[in-house]
Amino acid sequence: MEKITQFSQLDLNKTYSYADYLSWQLDEMLELIKGKISLMAPAPNVKHQNISMNISRLLSNYFIRKKCRVYAAPFDVRLYDRRKSILASQDIHTVVQPDLCVVCNLQLLDQQGCNGAPDWIIEIVSRGTIQKDIKVKYQLYQESGVTEYWLVYPHEQMVQQFVLDEHNGYQLKAMYISCDKVSSHLFPDLSIDLNEVFETFDDE
């Protein structure tokens, strides 16, 4: 098998597996979406990073001494149809790196990341990722059974909260702006003050 060390060696029309992904030695950050290569946006800007750190801090404090764990990108999450059991690497064709995710079924965790759907995923939307986050990943997370999905919009200082319904489809539960406090659907006693999330960006 050819050793892949440069992005130019990959065939963008080919369908790859997670086993292929693990064998690559690349500088570029990428995801696999149903076997197709999807380049990630350049390194997030300061605003994106600050929001991610603010949310990560709030979640990490909440989950201290609880069974669920919080992970921030880069962190590989392998996704597939929720009706299937845990798959081997060669049978997995989607691997993404959410900005933040919460995993409560610790049996899904291994040395490579999460093998299956996290309970909660948060994506921080940028101009370079908006189509992927609100369409492609929305569908992926819905299909794979991610119960709660948040889209965080830095410039609008807004959050959309989606939750799986009884038919395993996402419903928009609520939309929040920077003066609101957000309660997680899965963890109703967790309240996030969006002023704390967006507070550093008044002058940016």
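The values are calculated or read from the model by the stated rules, or taken from the named source; none is laboratory data. Being a predicted model, the structure only gives us computed values, none of them experimental. Cβ atoms come from the backbone with ideal geometry, glycine included; neighbour counts cover every protein chain shown.
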Scan of the stretch 182-204 for residues that are without any contact (Cβ under 8 Å) to a residue 24 or more places away in the chain and over 17 Å from W120 (Cβ atoms), ordered by number: D193, N195, D202, D203
Could you check the stretch 157-171 and list, in sequence order, the residues that are touching a residue at least 12 places away in the same chain (Cβ under 8 Å) and part of a strand (DSSP E or B)? M158, V159, Q160, Q161, F162, V163, L164, Y170
Has the stretch 132-139 got any residue that is of a type in the set (A, V, I, L, M, F, W, C), touching a Pro at 6+ places or on another chain (Cβ under 9 Å) and touching a residue at least 24 places away in the same chain (Cβ under 8 Å)? no
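Rundown of residues vs (1) in the same structural domain as Q157 (by TED's automatic domain parsing); (2) under 19 Å from Q142 (Cα atoms); (3) not aliphatic (A, V, I, L, M), yes/no style:
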site	(1), (2), (3)
N61	yes, no, yes
V70	yes, no, no
R78	yes, yes, yes
T94	yes, yes, yes
Within the stretch 45-69, the residues that are on the phi < 0 side of the Ramachandran plot and either part of a loop (DSSP other than H, G, I, E, B) or in contact with a His (Cβ under 9 Å, 6 or more places away or on another chain) (or both) are N45, K47, F63, I64, K66, K67, C68
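So which residues in the stretch 21-44 are in a loop (DSSP other than H, G, I, E, B) and surrounded by 13 or more Cβ atoms within 10 Å (Cβ to Cβ), if there are any at all?
Hits for the stretch 21-44 are W24, L26, M29, K34, G35, M40, A41, P44.
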Selection within the stretch 3-20 - assigned to a helix (DSSP H, G or I), of a type in the set (F, W, Y) and within 22 Å of the chain's Cα centre (by Cα): Y18
Counting just the residues of the stretch 171-204 that are within 13 Å of K47 (Cα to Cα) and not charged (D, E, K, R), which one comes out modelled with the lowest pLDDT? F201
Give the residue that is surrounded by the most Cβ atoms within 10 Å (Cβ to Cβ), with candidates limited to residues of the stretch 62-121 that are among the acidic types (D, E) and within 12 Å of the chain's Cα centre (by Cα). D99
Would a scan of the stretch 47-60 turn up a residue that is in contact (Cβ under 8 Å) with a residue 40 or more places away in the chain, within 16 Å of V95 (Cα to Cα) and of a type in the set (A, V, I, L, M, F, W, C)? no
